[in-house]
Amino acid sequence: MLANFDFQPRTRTVFGAGVIGRLGELSRELGFRRTLLVADHGLVASGHVQEAVSPLRASGIEVIEFHEFDVNPDTKMVEAGRAFAAPLEIDSIIALGGGSSLDCAKGINFLLTNGGQMRDYHGYGKAREPMLPMIGIPTTSGTGSEAQTYALISDADTHVKFACGDHRLAFRIALLDPALTISQPQGVTAATGFDAIAHAVETFVSTKRNPLSALLSREAWRLLEGNYERVLSRPDDLEARGSMQLGAHYAGMAIENSMLGATHARANPLTAHYGTTHGAAIALLLPSVVRWNGVVAGDGYAELLQLSTVNDSSSDPADRLASRLEELATAGSLRNTLRNAGVPSADLSMLAGEAAEQWTGQFNPRPFDINGALEVYQCAY
């Protein structure tokens, strides 16, 4: 029997090489006149901030730039953005960059329009006032945040990530320009791309999946798995870049409709305690999670393998998929064990306790608790 679902697309998607040039036109359509551009310092250095500012100013839109945040934006960074923007009477926000820029922009929007602190919005649907209209422009092919109504913010004191979501937080427009991703360093391409791959895999077998999310997950997997190695070996290949960006976007849409699973639940404590890059943490854990889930998710993994560029039917589908994911992680020069990542074995029980409390774990196809978390950490060690 097909699962019930309620799909409410709220974001217009504009895709194509060079569409950053339409930013002024699109912003005017939404009534932007005085906008806050949220982008990290790296985007200034790469020239992408200027690529965004030029068409905006040519369209008569005043642009105020905010760059004072870092990867994994935390509650203090978001509050700094709010304090900066509060007296400026902005009427809109444009987020340019990777997931950090997009999440920081979303957090600033929460506090500017609804007040309080980020912790007040932990969960979903806690905003009471309308939010400023936003445009999201990803420059990585990773989080798919431009397709989601959640912001992931780290607690500045504990470094623990928490999700704040609301339907009002949806970007009005997601502007996908694969030419913006060419300037990414190889390591960023590898880590963010693997994160997107994990989104496709986890959403496809989550307990909240539905026919629409499965459609998005399958197409995301096909695009990402088929182009990940290609984009690493040929960084200037615009077609491969476009396929990766679309794949990441589709996977983000799948997350919005089906959530994630145990891999992300286990990855977040690694980032909190050791500063492990999110994509690198995902690469350390996803193959072990797939093998652990195999007893209940094997049929789903077999279906993904049918779309894979490498399909050996000689063994268990979970093991085959895990092996393929290990090949992809190796292609991206991502660490393959927790030991190699410098995680002390004595910390595994502590990490398992924290992973078991992560929200995404409840959507994992195999029931997930502290014992399961410890088992996977041990397998990944």
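The values are calculated or read from the model by the stated rules, or taken from the named source; none is laboratory data. Predicted, not measured: the structure shown is a model, and the values here were computed from it. A quick note on method: Cβ atoms are made from the backbone with ideal geometry, for glycine too, and the neighbour counts reach across all protein chains shown.
Here are the numbers for this structure:
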read-out: Considering residues of region 357-371 that are modelled with pLDDT under 90 and touching a helix residue (DSSP H, G or I) at 6+ places or on another chain (Cβ under 7 Å) only, the residue farthest from Gly294 (Cα to Cα); value: Gln358
read-out: Considering residues of region 321-335 that are out of contact with any Leu (no Cβ under 7 Å at 6 or more places or on another chain) and without any contact (Cβ under 8 Å) to a residue 60 or more places away in the chain only, the residue surrounded by the fewest Cβ atoms within 10 Å (Cβ to Cβ); value: Thr330
read-out: Ile255 vs. criteria touching a residue at least 40 places away in the same chain (Cβ under 8 Å), within 16 Å of the chain's Cα centre (by Cα) and not assigned by TED's automatic domain parsing to the domain that holds Phe32; value: yes
read-out: Whichever residue in region 269-284 is of a type in the set (Ser, Thr, Tyr) and more than 13 Å from the chain's Cα centre (by Cα) and, among such residues, is surrounded by the most Cβ atoms within 10 Å (Cβ to Cβ); value: Thr276
read-out: Residue among Ala267, Ala262, Ala302 that is over 28 Å from Val160 (Cβ atoms) and not charged (D, E, K, R); value: Ala302
read-out: Unmet criterion (only one of (1) under 21 Å from the mean Cα position of the chain (by Cα); (2) touching a residue at least 60 places away in the same chain (Cβ under 8 Å)) for Gly107; value: (2)
read-out: Filter pass, Val38 being within 22 Å of the chain's Cα centre (by Cα), at pLDDT below 95, over 22 Å from Val160 (Cβ atoms) and β-branched (Val, Ile, Thr); value: no
read-out: Options Val71, Val49: the member that is touching a strand residue (DSSP E or B) at 6+ places or on another chain (Cβ under 9 Å) and assigned by TED's automatic domain parsing to the domain that holds Phe162; value: Val49
read-out: Residue list for region 151-188, filter: free of Cβ contacts under 8 Å to residues at least 60 places away in the same chain and either among the hydroxyl-bearing types (Ser, Thr, Tyr) or in contact with a Cys (Cβ under 7 Å, 6 or more places away or on another chain) (or both); value: Ala151
read-out: Residues being surrounded by fewer than 19 Cβ atoms within 10 Å (Cβ to Cβ) and small (Gly, Ala, Ser) - total across region 63-84; value: 2
read-out: Filtered residues of region 282-318 (kept if among the small types (Gly, Ala, Ser), in contact (Cβ under 8 Å) with a residue 12 or more places away in the chain and out of contact with any Phe, Trp or Tyr (no Cβ under 6 Å at 6 or more places or on another chain)); value: Ser288, Gly294, Ala297, Gly298, Ala302, Ser308
read-out: Breaking point among (1) more than 20 Å from Leu260 (Cα to Cα); (2) at pLDDT below 95, for Ser154; value: (1)
read-out: Condition met for Ala346 (at pLDDT 90 or above, buried (at least 19 other Cβ atoms within 10 Å of the Cβ) and outside any loop (DSSP other than H, G, I, E, B)); value: no
read-out: Selection count where residues are surrounded by fewer than 16 Cβ atoms within 10 Å (Cβ to Cβ) and either assigned to a helix (DSSP H, G or I) or assigned by TED's automatic domain parsing to the domain that holds Thr271 (or both), scope region 85-112; value: 3
read-out: Single residue of Ser258, Ser183, Ser217, Ser206 found to be surrounded by 24 or more Cβ atoms within 10 Å (Cβ to Cβ) and modelled with pLDDT under 95; value: Ser258
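One line per residue, one yes/no per condition, for (1) part of a helix (DSSP H, G or I); (2) within 23 Å of Gly226 (Cβ to Cβ); (3) more than 25 Å from the chain's Cα centre (by Cα):
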position	(1), (2), (3)
Val296	yes, no, yes
Leu305	yes, yes, no
Val310	no, yes, yes
Leu338	no, no, no
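Here is a yes/no grid of residues against (1) surrounded by fewer than 22 Cβ atoms within 10 Å (Cβ to Cβ); (2) within 14 Å of the chain's Cα centre (by Cα); (3) assigned to a loop (DSSP other than H, G, I, E, B):
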residue	(1), (2), (3)
Glu129	yes, no, yes
Ile137	no, yes, no
Ser141	no, yes, yes
Glu146	no, yes, no
Ala151	no, yes, no
Phe162	yes, yes, no
